[in-house]
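Below: one structure, written as structure tokens.
The values are calculated or read from the model by the stated rules, or taken from the named source; none is laboratory data. Quantities reported herein were computed from a predicted structural model and do not represent experimental measurements. Quick reminder, even Gly has a Cβ in these numbers, built from the backbone with ideal geometry, and neighbours come from all protein chains shown.
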Amino acid sequence: MGKLNSHLAGAVFALAAAAMNGSIGVISKVLLSMGISPSSIAFVKTIIGGALLSILLIIVRNSAPRIPWRQAAICAFFGIFTLFFFETAAYQHESAANVVFTLMAFAAFSALILSWVVLGDKPQFAQWFGFMIAIVGVGLIVGVRFEVNIEGMLLAAIAGSGYGLFSVLVKKFKLEGGLVLTRQLLFFGSMFLLLPAAHNGFEPELQDYKAVAALVALAILPTVLGFFCTTKAIDLLPPSQVQILELSEPLFAAGLAFLIINERPGIETFYGGALIITGLIIANEVLKFGSANSKPIEKVSSVSK
């Protein structure tokens, strides 16, 4: 696969991950309305996803190389436990809009900084400028409030930073994205998430078939497919680029909210969407080959070989 095609494929995987992750809010609202606790939702969706992947891998007899368990466990701690646990805790102190905005901003920002420090991928001006425009668009779509709870915002920042660090570590450890890595991440992630679920009282109400269907959907879409697409994107792009592309998640979330729960978007959604798309276009100028901006990507590619 040529450089241009591989980077286009990476962008497609990153946008697909954003689309899958966009379903989290809509499906979680359904489950929370049924009285299932956030910690139980996080644990159950992770263990269901891991079980489904294990069955699938047995059926297809996947011959992918084994993933080092220590490295997978470290990545799962930051990418699944830190993200899910601190995001859940943040919702108890701060509005959903501010949590989503802060989490996504810190995920992209930490990936930009840590890619530079850990991988030597120095962010270019186009990436910073595109990131800032896109994050303003995210703020417009989610409806950021200026009265904030410091504890809630700090927890959301930790969740986002954990996700950003996760993407950098996957690249640093040269872990091959795919079904096997996703299963390992979900296996260790469910072990970590069992602790807060047990502490908060693990009593999910699963008598209703709608709750079971919603949990399975949450396990398949953002959990299995979301992490699968993210790790595949990291194979092909620098982690910072992946996180910037995943800032498109609110666009997909707004579309799903309209289709599933008839939540009509306001004018801010259209303005914010235009800013996000503009920011992504500007940030992706670094994918042009033959220019100075392509050098950092070349450097990261050499590390991952």
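Cβ-Cβ contacts under 8 Å between residues 6 or more apart (or on different chains), taken from a first residue in segment 238-267 that is free of Cβ contacts under 8 Å to residues at least 40 places away in the same chain to a second residue that is of a type in the set (D, E, K, R), are listed as Phe258/Arg264. Just one of the listed residues (Ile80, Ile74) is farther than 30 Å from Arg145 by Cα and either among the β-branched types (Val, Ile, Thr) or surrounded by 17 or more Cβ atoms within 10 Å (Cβ to Cβ) (or both), and it is Ile74.
Based on this model, can you work out whether Phe85 counts as modelled with pLDDT under 95, in contact with a helix residue (DSSP H, G or I) (Cβ under 8 Å, 6 or more places away or on another chain) and within 22 Å of Ala198 (Cβ to Cβ)? Against the criterion (modelled with pLDDT under 95, in contact with a helix residue (DSSP H, G or I) (Cβ under 8 Å, 6 or more places away or on another chain) and within 22 Å of Ala198 (Cβ to Cβ)), Phe85 qualifies. For segment 111-143, filtering for residues that are outside any helix (DSSP H, G or I), buried (at least 19 other Cβ atoms within 10 Å of the Cβ) and either of a type in the set (Ser, Thr, Tyr) or touching a Ser or Thr at 6+ places or on another chain (Cβ under 9 Å) (or both) leaves 2.
With respect to Val136, is the statement that it is under 27 Å from Ile281 (Cα atoms) and among the β-branched types (Val, Ile, Thr) true? Here the answer is yes, as Val136 does meet what is asked.
For segment 86-110, give me each residue that is among the aromatic types (Phe, Trp, Tyr) and buried (at least 24 other Cβ atoms within 10 Å of the Cβ). Selection gives Phe101 alone.
One residue alone among Glu285, Glu268 is within 26 Å of Ile27 (Cβ to Cβ), at pLDDT below 95, over 15 Å from the mean Cα position of the chain (by Cα) and among the acidic types (Asp, Glu), and that residue is Glu268. What are the residues in segment 56-83 that are outside any loop (DSSP other than H, G, I, E, B) and either within 22 Å of Ile141 (Cβ to Cβ) or among the small types (Gly, Ala, Ser) (or both), if any? Correct list: Ala72, Ala73, Ala76, Gly79, Leu83. Within the option set Gly25, Gly50, being under 14 Å from the mean Cα position of the chain (by Cα) and not hydrophobic (A, V, I, L, M, F, W, C) holds for one residue only, Gly25. If you filter segment 249-273 down to residues that are hydrophobic (A, V, I, L, M, F, W, C) and loosely packed, with under 14 Cβ neighbours inside 10 Å, you find that the one that is nearest to Ile133 (Cα to Cα) is Phe270. The listed residues are Gln92, Gln71, and the only one of them that is within 19 Å of the chain's Cα centre (by Cα) and farther than 23 Å from Ser248 by Cα turns out to be Gln71. For segment 152-164, state whether one or more residues are closer than 15 Å to Gln71 by Cβ and either in a helix (DSSP H, G or I) or of a type in the set (A, V, I, L, M) (or both). No, because not a single residue in segment 152-164 is closer than 15 Å to Gln71 by Cβ and either in a helix (DSSP H, G or I) or of a type in the set (A, V, I, L, M) (or both). In segment 203-225, the count of residues that are assigned to a helix (DSSP H, G or I), surrounded by 15 or more Cβ atoms within 10 Å (Cβ to Cβ), modelled with pLDDT of 80 or more and among the hydroxyl-bearing types (Ser, Thr, Tyr) is one or more.
Restricting segment 21-42 to residues that are in contact with a helix residue (DSSP H, G or I) (Cβ under 6 Å, 6 or more places away or on another chain) and part of a loop (DSSP other than H, G, I, E, B), which is surrounded by the fewest Cβ atoms within 10 Å (Cβ to Cβ)? Only one residue fits best here, namely Met34. Just wondering, is there one or more residues in segment 243-261 that are touching a Lys or Arg at 6+ places or on another chain (Cβ under 8 Å) and not in a helix (DSSP H, G or I)? No; the residues of segment 243-261 include none that is touching a Lys or Arg at 6+ places or on another chain (Cβ under 8 Å) and not in a helix (DSSP H, G or I). Taking the conditions exactly as written (closer than 17 Å to Ile234 by Cα and buried (at least 21 other Cβ atoms within 10 Å of the Cβ)), does Ala16 satisfy them or not? Spelling it out, it is not the case that Ala16 is closer than 17 Å to Ile234 by Cα and buried (at least 21 other Cβ atoms within 10 Å of the Cβ).
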